[in-house]
Amino acid sequence: AQRVTQPEKLLSVFKGAPVELKCNYSYSGSPELFWYVQYSRQRLQLLLRHISRESIKGFTADLNKGETSFHLKKPFAQEEDSAMYYCALSALPNAGGTSYGKLTFGQGTILTVHP
Amino acid sequence: KAGVTQTPRYLIKTRGQQVTLSCSPISGHRSVSWYQQTPGQGLQFLFEYFSETQRNKGNFPGRFSGRQFSNSRSEMNVSTLELGDSALYLCASSLEEAGVSPLHFGNGTRLTVT
């Protein structure tokens, strides 16, 4: 079974401060990890994925297999970063089995960046 | 390209009735996934279809079913509705299998069961 935990339901920071949204996962195989974001009155959309190893809107996330974590970080938060953030996990294509083809989402973290 | 389109946006049904939700994926996308979103449970996976085949199913009762057509459009059906089925139902499409390609979500169908 696969499980994603986002321990913080709410996170508040001030503009310009660093921000870290935590994500821990439980999965016995090789995971692919994602961060999805939902801005106010917009649809859920992909922010970044582990396999791409890219920085989007200043956000980065590093997969730590030892700690089974995929925390999302940004050095200087902006007001427009205020949104709901979801961490999600899927099995890698060569893993097969019943986990492949579905994403398991965490409960989400609401990030508020104050001016 | 047009995004994922879900119809209807809102539905109000009575317990015991059945409902069909529709999803039109992004043109060229072959995979369609369905999720149920509630305040208490968050986003829960219902099922995924790829090239008209259901490849994976979440832990939902058999009252929840779906299908995908040859043009990749998908429908989800819930029979014998219960109050607990009230939720936002999200459809997402991806170019290849979900988990390989990123998911593109629709705006959802808000189902209220009274």
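The values are calculated or read from the model by the stated rules, or taken from the named source; none is laboratory data. If you're wondering where the values come from, they're calculated on a predicted model, not measured in any experiment. Ideal geometry is used to build each Cβ from the backbone, glycine not excepted, and the neighbour counts take in all protein chains shown. Ligands, DNA and RNA are stripped out before the accessible areas are found, and what is left, the full protein with its side chains, is counted by its heavy atoms. Shrake-Rupley method; radii C 1.70, N 1.55, O 1.52, S 1.80 Å.
Of note:
- Accessible area buried between chains A and B, both sides summed, probe 1.4 Å, in Å² to nearest 100: 1800
- Residue-wise HN-Hα couplings along segment A:36-44, as the Karplus relation 6.51 cos²θ - 1.76 cosθ + 1.60 with θ = phi - 60° gives them from phi, are 10, 9, 10, 7, 4, 6, 10, 7, 5 Hz; Gly and Pro carry x.
- Per residue, the convex hull around the alpha carbon atoms of segment B:5-67 comes to 109 Å³.
- Length-normalised contact order of segment A:3-56 in % [C-alpha pairs under 8 Å, at least 6 apart]: 26
- Per residue accessible area in Å² of chain B, where ligands, DNA and RNA are left out and the probe is 1.4 Å: 45
- Remark on A:K102: its backbone amide H falls under 5 Å from those of A:A91, a criterion applied only to residues 5 or more positions apart or on other chains, H modelled at 1.01 Å from N.
- Peptide B:101-109 shows a mean partner chain C-beta count of 4 within 10 Å per residue C-beta.
- Panel note: contact residues of segment A:33-53 (accessible area lowered by at least 40 Å² against the chain on its own; 1.4 Å probe) correspond to A:Y36, A:R43, A:L44, A:R49.
- For chain A: relative contact order, % (alpha-carbon pairs under 8 angstrom, 6 or more apart): 38
- Protein-only accessible surface at a 1.4 angstrom probe places the residues A:H114, B:H29 in the order A:H114, B:H29, largest first.
- Of the beta bridges in chain B, as assigned by DSSP with both residues counted there, near 90 percent are antiparallel.
- Averaged over the residues of B:27-38, the number of partner chain Cβ atoms lying within 10 Å of the residue Cβ comes to 1.
- Solvent-accessible area of the protein assembly as shown (1.4 angstrom probe, protein heavy atoms only): carbon and sulfur portion equals 49 percent.
- Signed unit charges on C-beta, dipole axis of chain A, positive-most listed residue A:F34, A:T109, A:Q2: A:Q2
- Structure note, pairs A:K22/A:K65; A:K22/B:K57; A:K22/A:K74; A:K15/A:K74; A:K65/B:K57: Cα-Cα distances above 21 angstrom occur for A:K22/B:K57; A:K65/B:K57.
- For chain A, a crude dipole built from +1 on the beta carbon of Lys and Arg and -1 on the beta carbon of Asp and Glu, taken about the Cα centre, is about 200 debye to the nearest 20.
- The trypsin sites (Lys or Arg not before Pro) found in segment A:30-86 that occupy coil by DSSP, while having at most 14 further C-beta atoms within 10 Å, are A:R41, A:R53, A:K57, A:K65.
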